[in-house]
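Report on the following structure.
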Amino acid sequence: MMASRPPRQYIGQTGPKPSVGRRIAKAVVGLVIAVAMLAGAAVLIDMGLRDFAETRAEAEIKRRVPGSAVEADVTIHGFSMLQQVVQGELDDVDVTFTLGEEGLDRLADNAGFTGAVRIDGGAIALDNEIEVLGAVIPFSVDLEPSLDDDGYLVLTAVGITAAEDVTVDLTRFVDLASVGVRVCSASLLPESIVLTGVSVDGDTVRFTAHGAGVPTDLDALGTRGECASEGAGEAGEEGAEPSA
């Protein structure tokens, strides 16, 4: 018996075509891969845009806050940065920045306060002097930082210390209520970002702030915050010199 020959296949003749189901499956796989690649690219773009915006915001805060020892950290929350940019505002922004001794002293000086404000050992102090019975006595006032509802940084006097070898009770001559410092701090940030806390951290004063619905428009971001009762000036009324 002769062996059967396989069917002849001529040039140009193809094999059996894949089924419709296999063609659909391959198309679906290709579509999924394409979508995944696009989604990955979108995530990378979103991350890059968020990082760029945070870096720019940190640089702007450092430019606004006086002094050289300024650190700033901006975190923009929310799922899609692209969507927030398109809608024209950022949903949720957290800000932290520091103010060093140089910057704090400059703020107080610009507001009209006398004496030197310093940060030492995790505390704020105001150095000044007073004349008692013809003798000039240097003293230091301990200050406690807080924020009031009007947007001011308030440094409240909580204690007074005379220079060494001085036994005079300076509380008889210095009214601590008149030595405190009150400076408009809301102007350090855009009006859409509100200060929420302040504390002394080592040799700096650390501020926290929060913004909701922060506009992405540069002109709007350039509008500084304001303190209520601006008529009193950024110096406030608590910075009068102590009287003998």
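Within segment 48-88, the residues that satisfy the criterion of being assigned to a helix (DSSP H, G or I), touching a residue at least 60 places away in the same chain (Cβ under 8 Å) and charged (D, E, K, R) are Glu60, Arg64. None of Ile76, Ile61 is surrounded by 12 or more Cβ atoms within 10 Å (Cβ to Cβ), among the hydrophobic types (A, V, I, L, M, F, W, C), closer than 30 Å to Asp105 by Cα and modelled with pLDDT of 85 or more except Ile61. The residue that is surrounded by the most Cβ atoms within 10 Å (Cβ to Cβ), among those in segment 79-110 that are out of contact with any strand residue (DSSP E or B) (no Cβ under 6 Å at 6 or more places or on another chain) and under 16 Å from Val200 (Cβ atoms), is Gly103. Being within 22 Å of Asp73 (Cβ to Cβ), among the small types (Gly, Ala, Ser), touching a Ser or Thr at 6+ places or on another chain (Cβ under 8 Å) and at pLDDT 80 or above, is that true of even one residue in segment 148-157? Yes: segment 148-157 contains one or more residues that are within 22 Å of Asp73 (Cβ to Cβ), among the small types (Gly, Ala, Ser), touching a Ser or Thr at 6+ places or on another chain (Cβ under 8 Å) and at pLDDT 80 or above.
Tell me, please, whether a residue that is within 12 Å of Gly151 (Cα to Cα), surrounded by 14 or more Cβ atoms within 10 Å (Cβ to Cβ), in contact with a Cys (Cβ under 9 Å, 6 or more places away or on another chain) and modelled with pLDDT under 75 can be found in segment 217-234. Yes: one or more hits. Residues in segment 48-58 that are closer than 25 Å to Leu107 by Cα and within 10 Å of the chain's Cα centre (by Cα): Ala57, Glu58. Here segment 180-207 is the region considered, the condition is being in contact with an Asp or Glu (Cβ under 8 Å, 6 or more places away or on another chain) and outside any strand (DSSP E or B), and the residue that is farthest from Glu144 (Cα to Cα) is Glu191.
Considered as a group, the residues in segment 208-223 that are in a strand (DSSP E or B) and of a type outside the set (Ser, Thr, Tyr) include one that is nearest to Ala108 (Cα to Cα), and that residue is Ala209. Within segment 105-154, the set of residues being at positive phi and small (Gly, Ala, Ser) comprises Gly112, Gly115, Gly121, Gly122, Gly134, Gly151.
The values are calculated or read from the model by the stated rules, or taken from the named source; none is laboratory data. Note that the structure is predicted; figures quoted are calculated from it, not measured. Reconstructed Cβ throughout: ideal geometry from the backbone, glycine too, with neighbour counts over all protein chains shown.
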